[in-house]
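A.B. asks: I'd like to ask you about the structure that follows.
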Amino acid sequence: MTHAWIQNILFLVLLLALAVPLGPFIAKVMEGERTFLHPVLGPVERGFYRLMGISGEEDMGWKTYAWAITLFNLLGIAAVFLLQKIQAVPVLNPEAMVKVPTDLAFNTAVSFTTNTNWQAYGGETTLSYLTQMLGLTVQNFLSAATGIAVLVALIRGLVRRTADGIGNAWADLIRSTLYVLLPLSLVIALLLVSQGAIQNFSAYVHTASGQIIAMGPAASQVAIKMLGTNGGGFFNANSAHPFENPTAFSNLIHMLAIFVIPTALCLTFGRMVKDKRQGWALLAAMTVIFVGALAVTTWAEAKGNPGLKALPVDQVVSVQQGGGNMEGKEVRFGTGATSLFATITTAASCGAVNGQHDSFTPLGGLVPLWLIELGEVAFGGVGSGLYGMLMFALVGVFIGGLMVGRTPEYLGKKIEAFEMKMASIAILLPSAAILLGTAVAVLLPVATASVSNPGPHGFTQILYAFSSATQNNGSAFGGLSANIPFYNYGLALAMIVGRFGVIFPVLAIAGSLGSKKATPESLGTLPTHTPLFVGVLVSVVLLVGALTYLPALALGPIAEQLSLRGVTR
Amino acid sequence: MTSHSRQDIQARPLFEPSIVRRAVGDAFRKLNPLHQLRNPVMFTVWVCSAATTGLWLQALGGHGEARPTFILAIALWLWFTLLFANFAEAMAEGRGKAQADSLRKSRKDVQAKKLKGTEKKGPTELVAASSLRMGDIVLVEAGDQIPGDGEVIDGVASVNESAITGESAPVIRESGGDRSAVTGGTVVLSDWLVVSITTNPGETFLDRMIAMVEGAKRQKTPNEIALDILLAGLTIVFLLATATLLPYSIFSVKAAGQGAPVTLTVLVALLVCLIPTTIGGLLSAIGIAGMDRMIQANVIATSGRAVEAAGDVDVLLLDKTGTITLGNREAVAFVPADGVTVEALADAAQLSSLADETPEGRSIVVLAKEKYGLRERDLHALDAHFVPFTAQTRMSGVNLGTREIRKGAASSIETFVESKGGRFPKELREAVDAISKAGGTPLVVAEGAHPLGVIHLKDIVKGGIKERFAELRSMGIKTVMITGDNPLTAAAIAAEAGVDDFLAQATPEDKLKLIREYQAGGRLVAMTGDGTNDAPALAQADVAVAMNSGTQAAKEAGNMVDLDSNPTKLIEIVEIGKQLLMTRGSLTTFSISNDVAKYFAILPAAFAATYPALGALNIMGLHSPESAILSAVIFNALIIVVLIPLALRGVKYRAVGAAQLLKRNLLIYGLGGLVVPFAGIKAIDWLLVATHLI
Amino acid sequence: MNLQLRPALVSFVALSILTGLAYPVLVAGLAKVIFPRQAAGSLLHKDGKVIGSELIGQSFTDPGHFWGRPSATSGPDGKPLPYNGGNSGGSNLASSNPDLKKAVEERIAILKAADVEQQGPVPVDLVTASGSGLDPHISPAAAAFQVHRVAKARGLDEATVRALVETRTEPPQFGVLGDACVNVLKLNMDLDGLR
């Protein structure tokens, strides 16, 4: 455990060290200021605008902005769907993958466009290299860019006063892709290759002894799947696969890549609202939730599987072995690095896994599930984590503001009925999709037949699926056989609700806040940069999350954990 | 004009028997579902109550999902939950109505001398001021209060309008020209006026306010609407969380191979316990009680929105006179002219003021006595003849035999002295200017052709006002003093009073401009006003308190009326506004925090049969599943009753910064809300078992 | 609204080409130049033939080799095919699943049957399936557990085998990252090389 915590703390320190310069850099990029990359990429950006017939400067109202984002995402869904349907063409398809069934193709198209990367398929058995590159890798970039764009639009809403527009969606999408996502991905991809991640276009290798070894351009896709908090593995085993994540160091890069942009965006936020403390406060709230969750997972997984206590199995952590609950985990990571990874990937909306969550202890698995259900706001997805957290901040400010006797305001903007309506929708819709989706599934025999584990764990598998899809995480309790039409369509619907059911209200709030005047801060204003507010924010997130999901969790992991504990007693 | 005694209104116990009786009846009347529709949370409770009643009837028929007595107990307590919420609302309304009644009763009329024609000499008839109609002609003589807003059609008089303009010096009102408008509540000091009344009875601000307080058509305020949306959102979340439990439970029973799916009764009970019934049930009571508290402070708000806005105020514009300084000035020094002893000046000043009953006059007599040992003398014994202040001479004084002592503004005395063949010395003029510059008012005294010196009159800052402003500052509210004085005078007083800023030589236009500037900067501005020329500024301000003594125009433009006409009231108004919002926020927090304990009561009770291990969640050690669920429901209903006094009185406001306030309220209502129900539910469970009710 | 159509189409196509073709090809090109071995899969050759990848575990079941971790991968027919590098994945058995307990019991039985003298508790990683099904590593404890069996089967001195294990033991990377592990394929190749 000490070893695990040294690793955990090292991770947090490195994360901060990387985020501190990146945050202001992203702010500069999104505000159109010159950076050191502009001499190279500036002409590319201008070339894009020329081709598109825009200047990149036109301000959009929130509705136009939302329409642009929608259009862009619809094109993404269509493109990924079509690529899967025509993938039999012999272009970058050495293993002669055939066209993907319609329900699965639709699910995958929606999944990657919504930054979910739920995978009802195995990469190495289903998709051609062309589909992986031109379909999935592209959406890994563009869905992340969408997240950043929406977040930046919201920040502009908070910053601007009596403004009509919240920025230009095209410029936001292009700038974040060009200056932030692409250069970082390139560096990360090469770092991963140095550790042993593969990047080639060869056919699968057949060894002398007859073992088949899958190949492909993995590193380039893995880099952006982490960086963009997408999480869709090139291979079925995702980041547990030695070709995606060969060493403990590559594992560290994976984890840092997931969190670095969400962390940096807090600082971007602080810079853009011209009050760095505000960004730090949000980051602090996220860190509190994350570290608490991490402590539980790390503890639960290191303790090992209570169900195996009666057997002559040594689960004790020692110098000689990582020990703990090793089912579904890799030895090179151990339970420490796997618990850390699992907490990161679900605190963010990444969903890449370096171990099988289904085989976690009930408590160790409850934490990732609950983090997802909280809305992935502890760091969260690229952009989506912070705009999700800001929705909670609005609710926190609303209640906290009332408690100090003022009409609530956040960063000088009054939080009124319209904002509360939209924030409520943004919090409500995902909950509805998760709870109703699970309810429908547990009643349908065709859906419950997919469950692979007995007792309360079977329920958790379905709950996890709808939680993961709705909150655009993408990780799974993988035992659930999700590649059936019910789940392919049902979960795709959940992904759309979870993605756009939040994006639209967020943009509406951006528009509404942007059109308001700002009230200057005074002693009577609820301060939103203090430890006290951090406490309020954390409480709101945890309370809403607990109250919404406690009954469901009681019938899943809580019942399982308590039963399992009972058995061993 | 009306006036009233404040005691009638304030001394009202929280649960006055007559109001309680009426409220109990209203609580049942409000069970009408149409009434409940206004409040999504309580409407949900209504539906749940009806549903469980149906389940009970079904159980009586022998097809029930649980023991009929259990279902009945749940159903009854759900109805009680509704009744308690209704009772809270009815209590608040009842108190509002009672206050309106006492307002009306306490109205006391000022008498007006109504003229038959327009001639001053014509016969007059004494009538109540409130009965005056537009176009009525009244005579107002020295010492009378002007009975209503009107137009001077005859006469010239000096009128004390200090209550309105803040200027303590009397003003001249005469027919014709731009000095013909008079305002109700102002007092004629000398001479007489014939006034044509310009407003009708029953149209006064107060009349309309009483109607509003009584009216049941209370509009929801913006913040209330926003909170309602949040509460509705939470209700939907909990509806989803509980409704989906049925399929989850069905699946779990199959997976575990034991137990039975959760009953509808239990789900309904869980739902009602989880949705924010505490705040939902008390929300409208809190709003009404906020208006009531305003009325208790003798302030009538035109809308709940104004009360709410009061809590948000960032800037207070305060008139100097009456708010920051006492309405009248006080003599603080005698500055003799060359060749005159200060005793001689003091003596003359006192003589000239002996018959002067204005506060300034009294203060001169007092100063002379205290500083120079000059005792008051009997005017009759001196064969003195008092010369009152008139609009024509603008001086007052006394004639002692041949001695003609006069005091007045420098220019008036100069005219007087010169008319007697004297000369106004340069040094004296310098002394006059020096006093002006120091923020004082110079009053020159002369005897015949000889100017004797100057009396230094000074504004007196009210006691304790500086501390009050410091408090406001700690609340984050900026104070700005508005005065007609010159900047030097204003600065001196502003420094003494401790205001943050001041606006000197303020014209109504300046005031309006200042408000707009603050508002453009995103600030909410509150002000008081009473003069007609305040109307534009009042209309512009976010919280505009018109003095009841002020003009009709001012009252129309403002969104509150202070019946006491006390400009300091603004501070109290801000506090009441904050209190209203704080009560809402605190009870919302309390309500939501309560849910944690309810989960620990109900979840193990509902599912322990399917997964016995979940019994471990019964950390309160409740007796049985039925007693656990019933205890939670009963707690949920009773807590509304327990919190009614808090809803009606409001959460106590302290003038501290927002951060401290939040910490305090979070501790009490957040942490308290988390802990209290654990104890409460356990206690109810224990009682149920002890009394063999379960 | 339709004003956005052209920018949408153009930006989508251009960004797709940039991120979906140019970027992976660029990475592949750079990787080929800088890290050619890794980019191609860290393949191990023997006699000009590929015998595997040092990163992908292989199935060993004979007593003379170190065994890797149980693998839950399956073949194209859906039947269990351990260490199938063409279809990675874990067992996804829940902690509470009786099947997991049963599987672990069976694995313990097999391990103990293969070496009746080794009756100590089994290191957990040796009886639980890995996440990828391709885990190339076992823990040093799991290697130590097998030393007696391997030495006996090969007629080697236990100390020799133990020394070999020691040289193949990789400590946590940089001393802090991950857990100590032993690459089974490389260890077995070393063993085979002893002959």
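Any read-out appearing in this document is the output of simple, stated calculations on the displayed coordinates, not a laboratory observation. Everything numeric in this text was worked out from a predicted model, so none of it was measured. Positions of Cβ are generated from backbone atoms using ideal geometry, with glycine treated the same way; all protein chains shown enter the neighbour counts.
A.B. asks: On a straight-distance basis, which lysines could pair with residue A:85 in a cross-link, Cα separation under 26 angstrom, same-chain partners fewer than 8 positions away excluded?
C.D. replies: Correct list for residue A:85: A:99, A:225.
A.B. asks: Sticking with this one: What is the local net charge at residue A:289, summed over the other residues whose Cβ is closer than 15 Å to its Cβ (Lys, Arg +1; Asp, Glu -1)?
C.D. replies: Result for the local shell: -2.
A.B. asks: Contact order normalised by length for chain B, with contacts defined as Cα pairs under 8 Å and 6 or more residues apart; what percent is it?
C.D. replies: About 15 percent, as a whole number.
A.B. asks: Residue A:50 label point, 7 Å along Cα→Cβ, cut-off 20 Å on backbone N: hits in the stretch A:177-211?
C.D. replies: So the set is A:178-179.
A.B. asks: In the neighborhood of residue C:163, defined by Cβ-to-Cβ distances under 13 Å, what is the net charge if each Lys or Arg adds +1 and each Asp or Glu adds -1?
C.D. replies: Taking every Cβ under 13 Å from that of residue C:163, the sum is -2.
A.B. asks: Further question on the same structure: For q = 0.05, 0.06 Å⁻¹, what log10 I(q)/I(0) does the protein assembly as shown give under the Debye formula with an equal point scatterer on each alpha carbon and no solvent?
C.D. replies: For the protein assembly as shown, the Cα-only Debye profile gives -0.52, -0.68.
A.B. asks: I want to check the label-to-label distance for residue B:516 and residue C:117. Put each point 7 Å from Cα in the C-beta direction and report it in nm to one decimal.
C.D. replies: 10.1
A.B. asks: Excluding residue A:71 itself, calculate the net charge of residues whose Cβ lies under 15 Å from the Cβ of residue A:71, where each Lys or Arg counts +1 and each Asp or Glu counts -1.
C.D. replies: Its environment carries a net charge of +2.
A.B. asks: May I ask you to work out the translational diffusion coefficient for chain B at 10 °C, viscosity 1.306 mPa s, via Stokes-Einstein with Rh from the Kirkwood sum over Cα pairs, reported in whole µm²/s?
C.D. replies: D, rounded to a whole number, is 54 µm²/s.
A.B. asks: Mind pulling the angle between the C-alpha long axis of helix B:465-474 and the longest principal axis of chain B? Nearest 10 degrees, somewhere in 0 to 90.
C.D. replies: Around 40 degrees separate the two axes.
A.B. asks: Can you work out the PRE-style zone for residue C:30? Point 7 Å along Cα to Cβ, and I want the residues of the stretch A:137-179 with backbone N under 16 Å.
C.D. replies: A:178-179
A.B. asks: Could you derive backbone 3J(HN,Hα) for the stretch C:138-147 from the dihedral phi with the Karplus parameters 6.51, -1.76 and 1.60 (θ = phi - 60°), listing whole Hz in sequence and x where the residue is Gly or Pro?
C.D. replies: 10, 7, x, 5, 5, 5, 4, 4, 9, 4
A.B. asks: Quick one: P(r) of the stretch B:337-477 from all Cα-Cα pairs, 10 Å bins, percents rounded to integers, in order of increasing distance.
C.D. replies: Whole-percent P(r) values from 0 Å outward: 12, 39, 30, 10, 7, 2, 0.
A.B. asks: Continuing with the same structure: With angles folded into 0 to 90 degrees, how steeply does helix C:23-34 sit against the dominant principal axis of chain C? Use alpha carbons for both and round to 10.
C.D. replies: Helix C:23-34 sits roughly 50 degrees off the main axis of chain C.
A.B. asks: Residues of the stretch A:478-498 with amide nitrogen under 18 Å from the 7 Å Cα-to-Cβ point of residue A:443?
C.D. replies: Once the point is set 7 Å along Cα→Cβ of residue A:443, A:486-487, A:490-491, A:494 turn out to lie under 18 Å by backbone N, inside the stretch A:478-498.
A.B. asks: By per-residue mean of other Cβ atoms within 10 Å, what is the highest-first order of B:369-375, B:228-234, A:159-165, B:238-244?
C.D. replies: For the peptides B:369-375, B:228-234, A:159-165, B:238-244, the packing ranking is B:228-234, B:238-244, A:159-165, B:369-375.
A.B. asks: What is the calculated FRET efficiency for residue B:37 to residue A:17, with r their C-beta to C-beta distance and R₀ = 51 Å, to the nearest 0.05?
C.D. replies: After rounding, the FRET efficiency stands at 0.35.
A.B. asks: Quick one: putting +1 on the C-beta of Lys and Arg, -1 on the C-beta of Asp and Glu, what dipole do you get for the stretch A:17-274 around its Cα centre, in Debye to the nearest 20?
C.D. replies: Result for the stretch A:17-274 is approximately 460 debye, rounded to the nearest 20.
A.B. asks: Given contacts defined as C-alpha pairs under 8 Å and at least six residues apart, what's the relative contact order of chain C, whole-number percent?
C.D. replies: The normalised contact order for chain C reaches 20 percent.
A.B. asks: Please report the relative contact order for the stretch A:17-274, taking Cα pairs under 8 Å with a sequence separation of at least 6, and give it as a percent rounded to a whole number.
C.D. replies: It comes to 26 percent, rounded to a whole number.
A.B. asks: Continuing with the same structure: So which lysines pass the test for residue B:120, namely a Cα distance under 28 Å, with those fewer than 8 places away in the same chain ruled out?
C.D. replies: Output for residue B:120: B:108.
A.B. asks: Let me ask something additional. Could you tell me the ratio Rg/Rh of chain A? Both radii from Cα atoms, Rh via Kirkwood.
C.D. replies: Rounded to two decimals, Rg/Rh equals 0.96.
A.B. asks: Please say if the stretch C:42-193 is rounded, prolate or oblate, where rounded means a/c under 1.5 for a ≥ b ≥ c the square roots of the C-alpha gyration tensor eigenvalues, and otherwise the choice is prolate for a/b larger than b/c and oblate otherwise?
C.D. replies: Rounded, since a/c falls under 1.5.
A.B. asks: Shielding by partners for B:230-241, please: the mean number of other protein chain Cβ atoms within 10 Å of each residue's Cβ.
C.D. replies: So the per-residue partner count for this stretch is 6.
A.B. asks: Any idea what angle helix B:245-256 forms with the longest principal axis of chain B, computed on alpha-carbon atoms, 0 to 90 degrees, nearest 10?
C.D. replies: 30
A.B. asks: Dipole size in debye (nearest 20) for the stretch B:298-446 around its Cα centre, Lys and Arg Cβ +1, Asp and Glu Cβ -1?
C.D. replies: Once rounded to the nearest 20, the dipole reads 300 debye.
A.B. asks: What distance in nm separates the two pseudo spin-label positions at residue B:341 and residue B:375, each 7 Å out from Cα along the beta-carbon direction?
C.D. replies: Roughly 1.9 nm, to one decimal.
A.B. asks: Next up: Given chain B, what percent of its DSSP beta bridges are antiparallel, to the nearest 5?
C.D. replies: 75
A.B. asks: Still on this structure, please answer the following. Arrange A:63, C:79, B:220 by Cβ neighbour counts within 10 Å, fewest through most, would you?
C.D. replies: Fewest-to-most Cβ neighbours within 10 Å comes out as C:79, A:63, B:220.
A.B. asks: Taking the convex hull of the alpha carbon atoms in the stretch A:17-274, what volume per residue do you get, in Å³?
C.D. replies: 131
A.B. asks: Return the calculated 222 nm mean residue ellipticity for chain B, to the nearest 500 deg cm²/dmol, obtained by summing -39500 (n - 2.57) across DSSP H runs with n ≥ 4 and dividing by the residue count.
C.D. replies: -16500 deg cm²/dmol
A.B. asks: Counting only other chains, what is the mean number of Cβ atoms within 10 angstrom of the Cβ of each residue in peptide B:307-318?
C.D. replies: Mean inter-chain Cβ contacts per residue within 10 Å come to 2.
A.B. asks: Can you pull the mean other chain C-beta count within 10 Å for peptide B:607-619?
C.D. replies: Going residue by residue through B:607-619 and averaging, the value is 4.
A.B. asks: According to a simple spin-label model (label point 7 Å from Cα along Cα-to-Cβ), what is the distance in nm between residue B:120 and residue B:409?
C.D. replies: Modelled inter-label distance: 2.2 nm.
A.B. asks: Another one. Which order do peptides B:23-29, A:494-500, B:658-664 fall in by mean Cβ count within 10 Å, highest first?
C.D. replies: My ranking of the peptides, most packed first, is A:494-500, B:658-664, B:23-29.
A.B. asks: Using the structure shown, select from B:462/B:513; C:112/C:152; A:329/C:112; A:309/C:101; B:511/B:555 the pairs with a Cα to Cα distance greater than 21 angstrom.
C.D. replies: In this structure, B:462/B:513; A:329/C:112 exceed 21 Å between Cα atoms.
A.B. asks: Then there's this: Could you give the size of the charge dipole of the stretch A:93-221 about its Cα centre, using +1 on the Cβ of each K and R and -1 on the Cβ of each D and E, expressed in debye and rounded to the nearest 20?
C.D. replies: The calculated dipole for the stretch A:93-221 is roughly 440 debye.
A.B. asks: Rounded to a whole number of µm²/s, how large is the Stokes-Einstein D of the stretch C:1-40 at 10 °C and 1.306 mPa s, given Rh as the Kirkwood radius over C-alpha pairs?
C.D. replies: Rounded, D is 134 µm²/s.
A.B. asks: May I pose another question? Hey, can you rank A:420-430, B:257-267 by average C-beta count inside 10 Å, highest first?
C.D. replies: Most protected by this proxy first, the peptides run A:420-430, B:257-267.
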